[in-house]
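First the structure, in the form of structure tokens, and then the observations on it.
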Amino acid sequence: MKIIADENMPNVAALFTPFAEVELVNGRALTNEQVKHADALLVRSVTKVNEALLAGSNVRFVGSATIGVDHIDTEYLCQQGIHFTSAPGCNAAAVADYVLSALGYLSLTKNLSWLGKKVGIIGYGNVGKTVYQRFQGLGCDVCVYDPYKEQEVKVDAPNFVSLDAVLRCAVISLHAPFTTTGAYPTQGMISAEQLSAVTAGTTIISAGRGGVIDEAALVDLHDRLAGQLNLVLDVWRGEPEIDLTTLSIADIATPHIAGYSKQGREKGTWMVYQAFCHFFDMPAPVTVNDAITNGRIAALAIEDSPLTEELLARAMHAIYDVARDDARLRAHYRAGANKATFDWLRKHYVERDEFNTCVVSSRGRADLNALSAIGFQVE
């Protein structure tokens, strides 16, 4: 058996070599010729899996170590009898960490007060739900726009509202997929008309898919509000190219790595491994505990003091400081970026851990509920 796998999937060779010959490839540049004689194809979001890639191949199984499937022509795979699996929820904790780390950065650098403010979330999949639960645990007033989930979710339903209502919140966090069809396509969904509802001082965090926000309209909004806008942009229209004007107005700019925690990526590969073993009727001896590594900072001790936004930021940044990723991207683009820069930053990403790998304790009588709410283990 032969497996073609994206070289940036962690642990992929170790997990799959016992079953087959594993060839690691550049997922962005994958060709039909490379996959022609493969039995299985393992990818990430940078690979467009469609008829052009798979026509005439031996591929029977496609696994994507991602939560999104907009890069997969699922209809074609179904027609060809090719089994498909993805890894829904694998990076939900990582993206939630990214969102909160960004707010911590803004509280320290721009004196942003976000605790207790109204938060609007766009998209209520695994990621959106995790982000919602964290803000809710912090006592924030949270609402959600997701017309599909509003029709489906009947138990423990969140506060569903209109898109306009979400865009009037103090903090707006986007986690919608990129779609061009259906009753509610998301391509360009946040247009100039919708952005007219946004007021000065609003924080917008885009960590879903590029192309959902009209970037030209976002730049116009930034100018209209005289820069009084807090922008955190992880995804971009036209990736792997970045519009430099949009980059210039962002407080935090990163190369689509919100879900790139070490544990989240490892979990994505492991979920595909589980599905692969089930499909080919093979034993799957590697457990999730074996596949996921521990964090580098195992414990933090908090002094007896109120858990302010500053203290939350310091605790979060001890594990993951999003400013590192922003600084790294800007340094490379100042040095003269090209089309390959975006993917290079992703391929050579400096590993980060999730908040949940760290246990927090108090040396006094500090209330640790807020740290528990944002994902830390609390002793």
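Just to be sure, is Gln194 polar (S, T, N, Q) and either surrounded by 17 or more Cβ atoms within 10 Å (Cβ to Cβ) or without any contact (Cβ under 8 Å) to a residue 24 or more places away in the chain (or both)? Taking the combined requirement at face value, the residue satisfies it. Restricting region 108-130 to residues that are in a helix (DSSP H, G or I) and over 17 Å from Arg324 (Cβ atoms), the residue that is nearest to the chain's Cα centre (by Cα) is Val127. Of all residues in region 218-249, those satisfying the criterion of being of a type outside the set (Val, Ile, Thr) and open to solvent by less than 10 Å² (accessible area, probe 1.4 Å) are Leu218, Leu221, Leu229, Leu231, Leu233, Asp234, Trp236.
The set of residues from region 45-72 being under 24 Å from the mean Cα position of the chain (by Cα), over 29 Å from Asp353 (Cβ atoms) and open to solvent by 60 Å² or more (accessible area, probe 1.4 Å) comprises just one member, Lys48. Taking the listed residues Tyr105, Tyr98, the one that is part of a helix (DSSP H, G or I) and open to solvent by 10 Å² or more (accessible area, probe 1.4 Å) is Tyr105, with no other qualifying. Restricting Val62, Val22, Val12 to those that are in contact with an Asp or Glu (Cβ under 8 Å, 6 or more places away or on another chain) and over 30 Å from Leu312 (Cα atoms) reduces the list to Val12. Does region 302-311 contain at least one residue that is outside any helix (DSSP H, G or I), aliphatic (A, V, I, L, M) and under 28 Å from Gly104 (Cβ atoms)? Yes: one or more hits. With respect to Asn91, determine if the residue is within 29 Å of Gly295 (Cα to Cα), among the polar types (S, T, N, Q), touching a Pro at 6+ places or on another chain (Cβ under 7 Å) and open to solvent by 20 Å² or more (accessible area, probe 1.4 Å). No.
Counting only residues that are open to solvent by 40 Å² or more (accessible area, probe 1.4 Å) and of a type in the set (A, V, I, L, M, F, W, C), which one in region 319-336 is farthest from Phe355 (Cα to Cα)? It comes out as Ala335.
To keep it simple, each residue is scored yes or no on (1) over 18 Å from Gly264 (Cα atoms); (2) not basic (Lys, Arg).
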residue	(1), (2)
Ile292	no, yes
Arg296	no, no
Ala299	yes, yes
Arg334	yes, no
Asn338	yes, yes
Phe355	no, yes
Asn369	yes, yes
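Which one is nearest to the chain's Cα centre (by Cα), of the residues in region 346-370 that are part of a helix (DSSP H, G or I) and at pLDDT below 95? Once the filter is applied, the top-ranked residue is Arg346.
The values are calculated or read from the model by the stated rules, or taken from the named source; none is laboratory data. Because the structure is a prediction, the values reported are computed rather than measured. In this analysis, Cβ positions are derived from the backbone assuming ideal geometry, glycine residues included, and neighbour counts consider all displayed protein chains. Only protein heavy atoms, including side chains, enter the accessible area calculation; ligands, DNA and RNA are left aside. Shrake-Rupley method; radii C 1.70, N 1.55, O 1.52, S 1.80 Å.
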